[in-house]
Each structure stands twice: as C-alpha cells, then as structure tokens.
1. Yes or no: residue 169 in contact with a Cys (Cβ under 7 Å, 6 or more places away or on another chain) and in contact (Cβ under 8 Å) with a residue 24 or more places away in the chain?
2. Looking at the structure I just gave you, is residue 74 in a strand (DSSP E or B), crowded, with 18+ Cβ neighbours inside 10 Å and aromatic (Phe, Trp, Tyr)?
3. Would you mind finding the one in 164, 185 that is farther than 23 Å from residue 129 by Cβ and either crowded, with 17+ Cβ neighbours inside 10 Å or among the aliphatic types (A, V, I, L, M) (or both)?
4. Residue by residue through segment 42-67, note down the ones that are within 21 Å of residue 195 (Cα to Cα) and either outside any strand (DSSP E or B) or acidic (Asp, Glu) (or both).
5. If you go through segment 167-182, how many residues are part of a strand (DSSP E or B) and either buried (at least 17 other Cβ atoms within 10 Å of the Cβ) or modelled with pLDDT under 95 (or both)?
6. Quick one: count up the residues across segment 145-161 that are surrounded by fewer than 16 Cβ atoms within 10 Å (Cβ to Cβ), in a strand (DSSP E or B) and either on the phi > 0 side of the Ramachandran plot or of a type outside the set (D, E, K, R) (or both).
Amino acid sequence: MKIFNLWRKLTLKKLFLLLIVLSNISFAKSNFYINPKIGIDLVSRYEKIDDDNGNSLLGDKTKGFGGEVAIEGYKILNESIDLGLGVAYQDHSDRKHFDYTSNVDTSGVQYRSIPVYLAGRYNFLLESKTKPYLRANLGYSFNFNSSDLEEKNSVNDQTEKTAIDIDGGLYYGIGTGIEYKDYTIELMYAINQCKSSIDGSHSKDRTDYDRISLLIGYRFNF
C-alpha cells in the first residue's frame with residue numbers, strides 16, 4: 001500500500017509537470033490564462049455489470065459525494081476561441097448496494113481518476129459583464145484505487161470480497177458556462193471510460209462513470 005501511494009503521488013507530480021511544460025511551450029509569447037476549479041457531481045451513475053449468466057450483478061445507481069479539482073491552461077486564439085490543456089483529480093461517488101439475489105446484495109467496483117485532456121472553449125461575444133460560453137474536453141483517464149466486489153449474505157451476515165483490476169480509458173465531456181469578473185461557473189456532462197476484471201481474469205466489463213457536474217473556478221490572466 002505504501003508503494004502504491006508513493007507511485008500515485010509521483011504520477012500526479014509528473015502529470016502536473018507535463019502540463020506546465022506543455023503550457024510553457026504552447027503559450028509562450030501569447031495571451032493565456034489559467035483556470036483552477038472545483039466541482040461536485042449533481043447526478044452520476046456507473047455502468048451496470050452482469051454476471052456470467054447475463055443477470056445484473058451490480059446496479060448503476062450511486063450514493064454519497066463525488067467531485068473533482070482541476071487546473072486548466074488556455075491560449076487565446078481569437079475573441080471567440082480558447083484552446084488549452086487540463087488535468088484533474090476526480091473522486092467518484094460510491095456505487096449503491098444492489099439486490100443481487102433474495103439473500104445477497106452486492107456493492108463496490110468503483111474507483112478514482114486522473115484525466116489529462118485537451119480543453120476547448122467557445123465564447124459568445126455579448127456586450128455584457130456576464131460572458132456565456134460552450135466548452136469541451138477530450139483526453140485520457142488514468143483510473144486507480146479500485147474497490148473490491150463485495151457480496152453480503154443476509155442469512156449468515158458474511159461478506160465475500162473479490163479483488164478487482166481496472167484499466168484506463170477515454171475521458172470526454174461537454175458543457176456550458178458563464179464568466180463574471182474572472183469567476184467561472186460551469187455545468188458539465190462528462191464520462192470516464194473504464195474496464196474492470198476480477199484479479200487475474202482476462203474477461204473485462206465496462207465500468208464507465210458518467211455524471212453532470214457543477215464547477216466553480218477563477219481565471220488568472222497572464
């Protein structure tokens with residue numbers, strides 16, 4: 001566990017360093033800004049997972065908190081279009097317990113993500129202090145910290161746990177926002193693609209996480 005935590009910290013540092021280096025290359029001698037933000041998931045769900053017989057093993061409903069912190073750097077291409085790079089740390093909601101059989105309920109197979117992505121923004125040119133815009137993200141989601149599949153038997157009150165492996169996948173999202181005095185508020189629909197498998201198995205299931213999020217940020221101009 002200590003080795004995994006160390007690897008995770010080093011990986012996160014490398015991603016931030018990569019973002020800074022790419023930003024310096026892309027934004028050199030040009031107008032650019034950095035937009036850190038924090039967000040919460042308003043509505044979310046996981047991909048359903050079936051057992052070997054085609055019956056639902058895990059449901060798609062979620063519970064509890066889901067959110068993220070992100071930092072994005074943009075180059076101003078013209079009055080309407082900004083193009084940039086972003087990285088985020090995302091703590092997804094937990095999966096709700098699912099009634100697998102009359103005596104067994106299941107849960108787990110959830111994870112966290114660090115997506116690295118291209119970010120685009122289209123600004124509507126209005127004579128107003130409030131500036132609306134559309135935006136989109138496209139990149140890769142590094143998924144980690146997967147939880148076990150848990151099967152709890154209500155008869156004997158015992159819980160069986162099965163270790164799960166997960167893979168990374170595409171990350172993409174679209175949304176809209178408004179900017180007022182360098183403060184930004186956004187509503188985003190985004191998906192982290194993921195595939196999961198029982199530890200050691202070659203059979204993989206889609207375990208995507210999608211949600212609608214509310215994000216608040218601030219724009220630092222350079």
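1. Numbers: in contact with a Cys (Cβ under 7 Å, 6 or more places away or on another chain): yes; in contact (Cβ under 8 Å) with a residue 24 or more places away in the chain: yes.
Criteria met by residue 169.
2. On the way: in a strand (DSSP E or B): yes; crowded, with 18+ Cβ neighbours inside 10 Å: yes; aromatic (Phe, Trp, Tyr): yes.
Yes; evaluated as a whole, the condition is true for this residue.
3. Numbers: 185 fails: farther than 23 Å from residue 129 by Cβ.
Criteria check complete, one pass: 164.
4. The answer is 47, 48, 50, 51, 52, 53, 54, 55, 59, 60, 61, 66.
5. 7
6. 3
The values are calculated or read from the model by the stated rules, or taken from the named source; none is laboratory data. The structure displayed is predicted, hence computed values, not measured ones. Please note: Cβ atoms are built from the backbone with ideal geometry, for glycine as well, and neighbour counts cover all protein chains shown.
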